[in-house]
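The values are calculated or read from the model by the stated rules, or taken from the named source; none is laboratory data. Since the model is a prediction, treat every value here as computed from it, not as a measurement. So basically every Cβ, Gly included, is an ideal-geometry build from the backbone, and we count neighbours across all protein chains shown.
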Amino acid sequence: MKNKKVVLLSVVLLIIGFIAVTVFYQKNEDKKIQKMASKSSGAPFVREHSPSFGKNENKVTIVEFLDPECEACRAFHPAIKKVFKEYSDESRLVVRYLANHKNSKFVVRLLEAARKQGKYNETLDVIFKYQPKWAQHNNPKPQLLWDFLVEANLDMVKLREDFDSNYIDGMLSLDRADATKLKVRGTPTFFVNGKELKRLSYQSLLDLVESEIYK
Amino acid sequence: MNSNNQISSTIIFICFLVASVATLGSLFFSEIMHFVPCSMCWYQRIFMYPLVIIFLVNLLYPDDKVFKYSFSLVLVGLFFAIYHNLLMFGIIPESVVPCVQGVPCSTVYLNWFGFITIPLLSLVAYSLLFVLLIIGKGK
């Protein structure tokens, strides 16, 4: 039956068509997002309230959408630390929050309180270190963090005070709105100068950062 | 060669194209555009996806039995599509939407020209298949 050739050809064409439309659509989406990165204010990638580190001599902004209760964020934490250690003069690291888990908000509040003491990164390290303990799936005990955080050399009295007085709802909702705008669906999601990191690996992050620094 | 029971391969071929476009289209919405499918959408997918294979196999190895397999799937899918569209147009109130979690089935993701929604596309696909198979069978 000669029609079989037509049938098989149409199968191939359908698949090619699907791939072509997909590639076109994704290129288009990437372009839209990168266009947003050209604004001088940095929004919606960067907001004034966001924790920001690094000297940024080469104007390379690494944005991380982070959730302290997210296991993938914990797993990827050493990688981003390593990359940023290398290039903290050339770039800056901006942290945005996506409080997707039950106790994320509580932990973000702790983090933000610790930030007032200039101990943000130390605190984040401790939070991730003990994440399996305080964020057990069936039995999360975020209150344990008060004990663990002693390790970060924080002034615990001041931490309590700042924790009680800081209201992060506005910050979280703006972060979430920006994440939606940037089509961020999960954590961790990275953007380097508006370019999304497509594969979560140390090497791809390093490559992306270096490609922006040595442009 | 064609017995009276056999649906012409042209009609099956068109059916195959309709089912393929519906399948790939729904995958594009969920996997590429990241629309979260509601449970109604899942039921319509369940009855659409196998049709691609059924029509394809029949095109490659024709027999006269394709109608009973494909039409039964189309009929169930069509029922879900009609029901879903009634939900979308608000004819059935949302309180009886049988979605337990996730996205409510009356969520409008897409609205081309003011009336083309994803459930409507599904209804169109199922209706086309329904009509095509009836025509093919009637001949």
Exercise for the section: Kindly check whether there is at least one residue in the stretch A:106-116 that is in a loop (DSSP other than H, G, I, E, B) and not hydrophobic (A, V, I, L, M, F, W, C). Expected result: yes
Completion exercise
A:Lys4 vs (1) crowded, with 17+ Cβ neighbours inside 10 Å; (2) out of contact with any Gly (no Cβ under 8 Å at 6 or more places or on another chain): all pass except (1)
Practice task
Scan (1) surrounded by 20 or more Cβ atoms within 10 Å (Cβ to Cβ); (2) within 30 Å of A:Lys27 (Cβ to Cβ) for the single condition B:Arg45 breaks and write down its number.
Solution key: (1)
Handout entry: Enumeration of residues in the stretch B:48-84 that are under 11 Å from the mean Cα position of the chain (by Cα), surrounded by 22 or more Cβ atoms within 10 Å (Cβ to Cβ) and over 12 Å from B:Ile12 (Cα atoms)
Key = B:Met48, B:Val74, B:Gly77, B:Phe80, B:Ala81
Handout entry: Residue within the stretch A:42-65 that is aromatic (Phe, Trp, Tyr), crowded, with 19+ Cβ neighbours inside 10 Å and either more than 14 Å from chain B (Cβ to nearest Cβ) or in a helix (DSSP H, G or I) (or both) present
Key = yes
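Looking at A:Asp125, is it in a helix (DSSP H, G or I), in contact (Cβ under 8 Å) with a residue 24 or more places away in the chain and within 30 Å of A:Glu161 (Cα to Cα)? Give the derivation first.
Working: in a helix (DSSP H, G or I): yes; in contact (Cβ under 8 Å) with a residue 24 or more places away in the chain: yes; within 30 Å of A:Glu161 (Cα to Cα): yes.
Yes: the conditions hold for A:Asp125.
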Handout entry: Members of the stretch B:10-50 found to be in a helix (DSSP H, G or I), within 14 Å of chain A (Cβ to nearest Cβ), hydrophobic (A, V, I, L, M, F, W, C) and touching a residue at least 60 places away in the same chain (Cβ under 8 Å), listed by number
Key = B:Ile11, B:Ile12, B:Ile14, B:Cys15, B:Val18, B:Ala19, B:Val21, B:Ala22, B:Phe29
Practice task
Could you check, for the stretch A:80-89, whether at least one of its residues is modelled with pLDDT of 90 or more, assigned to a helix (DSSP H, G or I) and aromatic (Phe, Trp, Tyr)?
Solution key: yes
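Can you spot a residue in the stretch B:60-68 that is in contact with a helix residue (DSSP H, G or I) (Cβ under 9 Å, 6 or more places away or on another chain), part of a helix (DSSP H, G or I) and more than 14 Å from chain A (Cβ to nearest Cβ)? Give the steps one after another, and end with the answer.
Quick first cut of the stretch B:60-68, residues in contact with a helix residue (DSSP H, G or I) (Cβ under 9 Å, 6 or more places away or on another chain) only: B:60, B:62, B:65-67.
Next, only the ones that are part of a helix (DSSP H, G or I) stay: B:60, B:66-67.
This time we only want the ones that are more than 14 Å from chain A (Cβ to nearest Cβ), so: B:67.
Yes; the residues of the stretch B:60-68 include at least one that is in contact with a helix residue (DSSP H, G or I) (Cβ under 9 Å, 6 or more places away or on another chain), part of a helix (DSSP H, G or I) and more than 14 Å from chain A (Cβ to nearest Cβ).
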Problem - Selection from the stretch A:66-77 of residues that are in a helix (DSSP H, G or I) and touching a residue at least 40 places away in the same chain (Cβ under 8 Å) - result: A:Glu71, A:Ala72, A:Cys73, A:Arg74, A:Phe76, A:His77
